[in-house]
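Down below is the structure, laid out as structure tokens.
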Amino acid sequence: MLIEVPQLLNCEQIADCRAAIGKAAWIDGRGTAGDQSGAAKNNLQAREDDPHARRAGDLILGALGTNPLFIAAALPLHVFPPLFSRYADAQSFGDHIDNAVRQIPDTRHRIRTDLSATVFLTPPEDYDGGELVIADTYGSHSVKLPAGHMILYPATSLHQIRPVTRGARVSSFFWIQSMVRDDAQRTLLYNLDFAIQRLRRDHPDHASAIETMSVYHNLVRMWAEV
């Protein structure tokens, strides 16, 4: 399931985020990739331990925590601290699948990467190329969103970032361990959640609203790992 989260960050938050990472130290992005994906990766990445990058990451984490669409779609248990990448001068990232497990820097904690997320920080008109291309059973999906918007997709997906041929593409990327690891189950819960919201909006006093909500919570209880 691919979910677009519009306006995760507002204009002020985008500016604050860009200002912070503009002060960060940038390194070769291959340093954080595995052996296989590293061979396909060509970009710059803000240092994970850079205080400016961490401040920008905290801003994104704060926005995630108050975004109902993200919470409904991801059912997050753990969120990896956001990282930041920059593509320019024909840089790209070829076909790859994200590592199944990531260790959170400076801790002993690891998360299972059920979902991948990209928050776009550069307006699409400021650069050419740089599309995130995600493959699933329905084909390939090319994603290039306005600044502040986020795309959420299964980390099991084969994906790539096409070469940036003009300008620079700056974005944040990270992973989520969901309470519900199976994508099909998460999709069912997401669709059921929105059906409940429509039912409560259109027929707030109907008994079916409570009955349907009980089904949702009992499914979460059956499938969730906490």
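Per residue, the chain exposes 51 Å² of solvent-accessible protein surface, assessed with a 1.4 angstrom probe and all protein chains in place.
Using the average count of surrounding beta-carbon atoms within 10 Å as a protection proxy, the listed peptides 188-196, 157-165 rank, highest first, as 157-165, 188-196. Note on segment 92-212: percent of Cα-Cα distances in each 5 Å bin, starting at 0 and stopping at the bin with the largest distance, equals 2, 10, 15, 17, 16, 13, 11, 8, 5, 3, 1, 0. From most to least packed by mean Cβ count within 10 Å, the peptides 200-210, 90-100 give 90-100, 200-210. With contacts defined as alpha carbon pairs under 8 Å and 6 or more residues apart, what's the relative contact order of the chain in percent? 24 percent. Per-residue accessible area (protein heavy atoms, 1.4 Å probe) orders T118, T187 as T187, T118, starting from the largest. When both segment 196-211 and segment 8-87 are represented by their alpha-carbon centers, they are found 38 Å apart. For the chain, with all protein chains in place and a probe radius of 1.4 Å, 52% of the accessible heavy-atom surface sits on carbon or sulfur.
The values are calculated or read from the model by the stated rules, or taken from the named source; none is laboratory data. Only a predicted model underlies this, so the values are computations on that prediction, with no experimental measurement involved. Glycine also receives a Cβ, built like all others from the backbone with ideal geometry; neighbour counts cover every protein chain displayed. Areas reflect the complete protein model, heavy atoms only, side chains present, ligands, DNA and RNA absent. Shrake-Rupley method; radii C 1.70, N 1.55, O 1.52, S 1.80 Å.
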